[in-house]
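Derivation of every value follows stated rules applied to the coordinates shown; laboratory data play no part. Because the structure is a prediction, the values reported are computed rather than measured. Positions of Cβ are backbone-derived with ideal geometry, glycine not excepted, and every protein chain shown enters the neighbour counts.
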Amino acid sequence: MKLSFLGAAQQVTGSMYMITLEDGYKILVDCGMDYELKRNPVERAQLFPFEPVTVDLVLLTHAHIDHSGNLPALVQHGFKGKILCTAATAELTEYLLYDSANIQFHDYRKALSQSKKTRRDLIPKPLFSEKNVTQTVEQFVTVQLSKPFKVNQNISITFIEAGHLLGAASIEICVKENEKETRIGFSGDLGRKNSKLIKNGEHFNSVDYLITESTYGGRKHTVTKEAEDELLYYVQRTCVDLRGKLVIPAFSVGRTQAIVFTLNQLKKKGLIPAELKVFVDSPLAIKSTPVYERHAYLLNEEAHTFMKEHGSLFNFEGLEYLEDMKEHDELMNYFEPAVIISAAGMVEGGRIQEHVSNNIENMNSTILIAGFCAEGTLGYRLLLGQPTIRIKNKDRNVYAKIARTDIFSSHPDHDEIMDYIATTDNNRKSTHKGEGLKKIFLIHGEPVQLNAMKKALAEVHITHVEIPEMGSEYIL
Ligand SMILES: [Zn+2]
């Protein structure tokens with residue numbers, strides 16, 4: 001069989017991999033939006049280096065758009081097969097894809113209205129419509145974690161907990177070909193141990209090949225405190241001592257729920273003032289938060305213990321979810337101390353940019369960046385620490401404190417990925433007379449991160465390591 005790397009190879013976004021069996025059967029793993037392509041509209045026409053109609057089966061690791069965001073385009077261009085994922089992933093992906101279609105439509109309309117007539121043909125059209133999302137959702141087939149799903153006599157698929165996001169899975173594909181059995185493990189995006197809400201990820205028992213994310217290769221998360229202590233520090237310092245606003249840019253799915261739950265814990269312990277207002281300004285967070293409650297069986301023990309004692313994880317006195325623009329506009333004129341959580345994490349998107357813009361010249365406010373910020377995003381520029389910053393075509397003085405925390409990171413750091421690979425290697429050794437993984441493919445990272453991982457693995461004598469290029473193919 002052949003394994004092809006069609007996305008997130010030597011970069012982070014656009015996850016997409018293909019397994020082609022000898023009889024021509026094609027399995028696509030993830031079909032994510034490639035943000036680098038998004039910035040280079042000329043290449044948008046070539047989203048797929050294959051005919052979507054020839055794909056037999058799609059496996060989706062999790063809902064994040066850089067893993068799921070091109071599914072509607074795949075369906076629009078002729079893919080008719082099943083898309084296997086967990087039930088929580090199916091629900092979250094549906095919300096995220098409709099949101100993505102909506103954003104693309106509005107961006108396109110806005111760009112049209114702002115451009116000269118003669119240049120309108122150059123504006124990239126939306127990659128897909130809401131109608132394509134509806135079709136895509138109809139092709140979802142949900143699977144349970146840790147229960148093998150038999151596709152046919154020769155192919156069996158097992159999803160296991162990845163610990164990254166609600167419903168996120170690592171996927172094992174077991175193929176029988178020429179009387180030989182081959183097991184391939186795709187890590188998908190992994191999580192950290194003991195993260196908020198989500199259970200710890202599991203390891204593959206005995207795969208022959210491992211394709212693993214390496215987002216934070218060579219980097220260590222600087223986490224010295226518990227999430228509660230970290231958040232308490234910022235709330236106390238900003239909202240209580242300085243009576244300012246704590247603005248937290250956060251993705252609507254995953255990060256927002258972790259932060260709201262942590263604030264809930266602090267409120268219930270009486271560590272932050274009962275009257276302190278917390279605003280979640282994100283319509284997508286309103287839709288996706290109940291998915292966490294519907295799939296509470298996926299949550300960790302800490303969350304279950306809290307639910308038994310206090311009921312809801314995501315509701316407490318002083319917390320308000322804002323849906324429409326009227327409420328958003330009212331918040332822009334709210335002058336009391338408050339915590340504002342708004343999307344998205346890299347400080348891209350309208351609502352969060354307005355909150356940052358509104359508070360950046362207030363020396364009593366803090367902008368707390370709680371996740372990875374890609375180069376070129378407003379979050380990245382804020383972290384450069386410059387005295388002025390351009391937001392929405394206006395130069396602003398930076399008087400607010402700009403802080404960052406890794407405490408809510410949903411990816412493992414270097415040491416944690418090393419542990420993950422070493423454990424997977426050892427698991428195979430224990431079932432294959434001391435023989436470890438046949439090959440390890442490092443993906444979902446920039447070249448610096450991938451090379452750091454490869455070097456560190458060589459130091460512990462794990463040497464069958466590849467850093468595949470985009471478009472490269474391997475015969476397994
Ligand atoms: Zn992810």
- Note on the structure: Of the candidates 334, 157, 83, the farthest towards the positive dipole end of the chain (Lys/Arg Cβ +1, Asp/Glu Cβ -1, centred on the Cα centre) is 334
- Note on the structure: Least to most buried among 79, 149, by other C-beta atoms within 10 Å and fewest first, runs 149, 79
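List the relative contact order of the chain as a percent without decimals, with contacts defined as Cα pairs under 8 Å and 6+ residues apart. Don't jump to the answer; show the numbers that get you there.
Values: 1001 pairs, mean separation 87.1, N = 476.
The normalised contact order for the chain reaches 18 percent.
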- Average silhouette area of the range 227-404, convex hull of alpha-carbon atoms, in square nanometres: 9.8
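Place a +1 charge on the Cβ of each Lys and Arg in the chain and a -1 charge on the Cβ of each Asp and Glu, then give the dipole magnitude about the Cα centre in debye, rounded to the nearest 20. Let's see the in-between values first.
Numbers: 54 positive and 61 negative charges, 166 e Å.
Roughly 800 debye for the chain.
Counting pairwise Cα distances across the chain, what percent come out greater than 33 angstrom? Intermediate results must be reported in sequence, preceding the final value.
On the way: 43050 of 113050 pairs.
When all Cα pairs of the chain are counted, 38 percent exceed 33 Å.
Could you give the length gained by full extension between residue 176 and residue 110, i.e. 0.36 nm per residue of separation minus their alpha carbon distance, to one decimal place? Walk me through the numbers on the way to the answer.
Values: separation 66, 0.36 × 66 = 23.76 nm, distance 5.13 nm.
Using 0.36 nm per residue and subtracting the Cα-Cα distance, I get 18.6 nm.
Longest span of the chain, sites excluded, free of trypsin sites (Lys or Arg not before Pro) in DSSP loop with at most 13 other C-beta atoms within 10 Å? Display every interim value, and only then the final one.
Details: sites that count: 39, 80, 116, 193, 220, 225, 243, 269, 392, 433.
Between the exposed loop sites, the longest stretch runs 270-391.
How big is the antiparallel share of DSSP beta bridges in the chain, given as a percent to the nearest 5?
On the way: 33 of 73 bridges.
Taking every DSSP beta bridge with both residues in the chain, the antiparallel ones total about 45 percent.
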- Report the local net charge at residue 87: Lys and Arg +1, Asp and Glu -1, summed over other residues whose C-beta lies under 14 Å from its C-beta. -2
- Item | Unit charges on C-beta of K, R, D, E only; dipole of the range 227-404, Debye | 400
- Query: So what's the angle, to the nearest 10 degrees on a 0 to 90 scale, between helix 255-268 and the longest Cα principal axis of the chain?
  - Reply: 50
- Query: Tilt of helix 301-310 relative to the longest C-alpha principal axis of the chain, in degrees (0 to 90, nearest 10)?
  - Reply: 40
- What's the FRET efficiency of residue 399 with residue 46 using the Cβ-Cβ distance as r and R₀ = 60 Å, to the nearest 0.05? 0.85
- Expressed in nanometres to one decimal, the distance between label points 7 Å along Cα→Cβ at residue 243 and residue 53 is 6.8
- Would you list which lysines come within 25 Å of residue 433, measuring only between C-alpha atoms, while excluding same-chain residues fewer than 8 positions from it? 176, 180, 454
- Message: If you fit an axis through the alpha-carbon atoms of helix 350-359 and take the longest principal axis of the Cα set of the chain, what angle between them do you get, 0 to 90°, nearest 10?
- Response: 40
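Holding the Cα-Cα limit at 24 Å, pick out from 26/80; 2/80; 196/269; 268/308; 193/245 the pairs that are longer than that. Intermediate results must be reported in sequence, preceding the final value.
Numbers: 26/80 13 Å; 2/80 22 Å; 196/269 17 Å; 268/308 13 Å; 193/245 30 Å.
Among 26/80; 2/80; 196/269; 268/308; 193/245, the Cα-Cα distance tops 24 Å for 193/245.
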